[in-house]
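Remarks on the structure that follows.
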Amino acid sequence: MIRQTARRFAFSHEAFALVLLVIAVAVVSQLSPYFFDAQNFSQIATDSLEIGLIALAMTPLIVMREIDLSVGSTLGLTAVIFGELATHDVPLLAAIVLTVAAGGLAGLLNGVLVTRFGLSSIVVTLGTMALYRGLANAIVGDQTIVDLPGDFTASDTRFAIGTLVTVPHVLFLLFASAAALILHRSTVGRRIFFSGSSPEVAALSGVRVDRLKVGLFVAAGMLAAIAGLFMTSRLQSVRADTGTGLELLVLTVVLLGGADIRGGRGTIFGTLVALALVGAVRSGMALGDLPDQARVAVVGGLLLLSIGAGVGIETLRRAVAGRRTTRRIRAGAELQPTSTK
């Protein structure tokens, strides 16, 4: 049993991501002597929080053959909404609740357009990506909101354990644990995988596929809003372009972690490994003082690698399975008694 589990893991996307993580750490550590520093690892975790939060919601969406390209714009719009509320005498807790609700409404619009009208989620979320970013610009224009409540800002400097683990780190671990339990240890998770593998069969079996999709879009919007709150607190300011380009990083993390764009496959563990990989690469290149264009190119290369790796690993897995089947057939033929005349 253990041997079979180990063999399956060796030919998995998660194992491939782990190997890439080891290689990346070995390479980027050569760019700067400060990479292997506990404070740097804490900073990597802080810088990866927003990407990771949204990736937790994007993983089950992709498992269900859907995608949300508007998450960066949702983050920006909800951050602007929070900034406006918090700077106009709205109580902090009420502003946070309304911001997360706004993210849920943004996700709800995506989900309804996809399920009710049968539209492609790529087309829908491309449209809402522009819509939400446009709304953010309409609200604040080119201004920067900076007069945020002191109780809210600089949460990344509030430590929960020692001087390395901050409160946002702990909150992210709680979100990741909840996402893993829901996707891999619950009835909802089983329905997500079932619907992603065979949506028609799942619908005929009584699974409310459309309702499940809408729920995942709403969750993606709410987590994007929470990520916007984290980013706003860390940066202590809000602009209309907050979160621009975050979609590329989130997709890279989710696909590199093993989620299949064709649906039916993906794990939270793989997403977290890929998150660590992307975080290490970005940190190493920043410490090595490499230009931003190089960092974008590397992330794009990792995205292409994740797509190619999916095809390669699947081909290798089928080849190995085919050889095993051939060996069993031959072994069975040798054990059969030969007939005598």
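Descriptive notes on the structure:
- Helix axis angle, 121-140 relative to the chain longest principal axis, alpha carbon, degrees: 10
- Length released on extending from Leu248 to Asp289, taking residue separation times 0.36 nm less the Cα-Cα span: 12.6 nm
- For Arg211 and Val19, a Förster radius of 35 Å and the Cβ-Cβ distance give a FRET efficiency of 0.35, rounded to the nearest 0.05.
- Magnitude of the charge dipole, the chain, Cβ model with Lys/Arg +1 and Asp/Glu -1, debye to 20: 2420
- Principal-axis tilt of helix 49-63 within the chain, Cα atoms, nearest 10 degrees: 40
- Rg over Rh [alpha-carbon atoms, Kirkwood Rh] for region 221-268: 1.09
- Label-zone membership for region 213-240, site Glu84, 7 angstrom Cα→C-beta point, backbone N under 12 Å: 240
- On a per residue basis, the convex hull of the C-alpha atoms belonging to region 97-224 measures out at 149 Å³.
- Extreme residue, positive dipole direction of the chain, given options Tyr132, Met231, Val114 (C-beta unit charges): Val114
- Sorting Tyr132, Tyr34 from the fewest to the most surrounding beta carbons within 10 angstrom yields Tyr34, Tyr132.
- Extents of the chain, largest first, come to 99, 54, 36 Å (Cα atoms, principal axes, whole angstrom).
- Inter-part distance, region 33-58 to region 122-191, computed on C-alpha centroids, equals 14 Å.
- Sites matching trypsin sites (Lys or Arg not before Pro) across region 223-271 that sit in DSSP coil, with at most 12 neighbouring C-beta atoms within 10 Å: Arg262
- With the cut-off at under 17 Å, measuring from each backbone N in region 268-292 to a point 7 Å along the Cα-to-Cβ line of Thr163 picks out no residue.
- Cα shape, region 72-150, gyration tensor, a/c 1.5 rule: oblate
- Helix-derived mean residue ellipticity, 222 nm - over the chain, DSSP H n ≥ 4, -39500 (n - 2.57), to 500: -24500 deg cm²/dmol
- Overall form of region 62-110 per C-alpha gyration tensor (a/c, 1.5; a/b vs b/c): prolate
- Between the Cα long axis of helix 13-28 and the first principal axis of the chain there is an angle of about 60°, rounded to the nearest 10.
- From the alpha carbon centroid of region 233-287 to that of region 64-109 is 19 Å.
Laboratory data are not the source of any read-out in this text; all were calculated from the coordinates shown. Please read all numbers here as calculations on a predicted model, not as lab measurements. With ideal geometry, Cβ positions are generated from the backbone for all residues, glycine too; neighbour counts draw on all protein chains shown.
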